[in-house]
Amino acid sequence: MKPALAVLIAVAVGLVPGRHARADIYRWQDADGTIHFTNVKPKGGDAKWKKVMTSDPEAGSKAAAARGKCESCDKVAASDNTPERFHRYDDFIHEAAELYRIPVPLIRAVIKTESDYDPRVVSSMDAKGLMQLMPAVIEDMGVKDVWDPRENILGGTRLLRVLANRYDGDLVLTIAGYHAGPGSLAKYGNKVPPYQRTQQYLKTVLARYYEYKAKEPGKR
């Protein structure tokens with residue numbers, strides 16, 4: 001059985017995406033198997049840290065799958081602005097987290113980034129619902145009704161679990177795989193692909209993950 005992401009991933013980054021900042025992320029696995037991430041370049045080129053992502057924000061995007069929320073091109077854009085939406089699906093989020101051993105803050109970060117907690121969103125690529133599930137994912141994850149918030153959250157979280165297993169609990173690769181798809185990562189040696197949209201998505205989800213993680217009871 002693969003270990004839970006929450007066990008493998010430890011603290012490291014506070015990401016504030018800047019317009020002209022390079023999106024560099026470094027990774028280090030300690031002797032206990034805990035994976036650490038940081039966006040701060042290690043002093044003196046510390047050999048234990050490995051750069052797992054680098055990009056130039058000015059470079060063009062070659063994303064094969066535009067999964068992230070795109071306000072200018074969504075077929076159905078997010079329109080629910082009520083503050084209640086952020087906790088409307090808490091029971092489903094906690095159910096999915098427990099079932100698939102994925103941290104609650106990660107599920108929240110993906111939902112916030114993908115749909116801003118509006119279950120009616122449809123992207124230009126036909127990704128649907130809270131976790132923006134693509135048609136192939138809907139079928140592969142056994143989702144019967146993509147518009148049902150519970151089923152959508154369970155399906156999206158199951159995909160996160162599948163990806164976490166595939167990448168041995170690596171948070172960066174799990175998030176990148178959710179956005180661009182495993183095929184894109186495989187094309188670049190199972191590393192984060194040099195797609196501007198995917199790398200911006202990764203920065204956003206990571207930033208929200210650590211923000212929500214800090215607010216969780218017991219810092220789950």
- Looking across the range 106-130 at residues that are in contact with a Pro (Cβ under 7 Å, 6 or more places away or on another chain) and surrounded by fewer than 24 Cβ atoms within 10 Å (Cβ to Cβ), the single one that is modelled with the lowest pLDDT is 126
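Applying the selection to the range 131-146, what residues are without any contact (Cβ under 8 Å) to a residue 60 or more places away in the chain, more than 17 Å from residue 97 (Cβ to Cβ) and surrounded by 13 or more Cβ atoms within 10 Å (Cβ to Cβ)?
Those that are without any contact (Cβ under 8 Å) to a residue 60 or more places away in the chain, more than 17 Å from residue 97 (Cβ to Cβ) and surrounded by 13 or more Cβ atoms within 10 Å (Cβ to Cβ): 133, 137, 138, 140, 143, 146.
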- Query: Which one of these is within 24 Å of residue 216 (Cα to Cα) and β-branched (Val, Ile, Thr): 138, 102?
  - Reply: 102
- Message: Being in a helix (DSSP H, G or I), at pLDDT below 95 and closer than 16 Å to residue 113 by Cα is the filter here; which residues of the range 78-101 pass it?
- Response: 83, 85, 86
- Return yes or no: is residue 165 touching a Gly at 6+ places or on another chain (Cβ under 8 Å), modelled with pLDDT of 95 or more and in a helix (DSSP H, G or I)? no
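The values are calculated or read from the model by the stated rules, or taken from the named source; none is laboratory data. It should be emphasised that the depicted structure is a prediction, and the values quoted were computed from it without experimental measurement. Please note: Cβ atoms are built from the backbone with ideal geometry, for glycine as well, and neighbour counts cover all protein chains shown.
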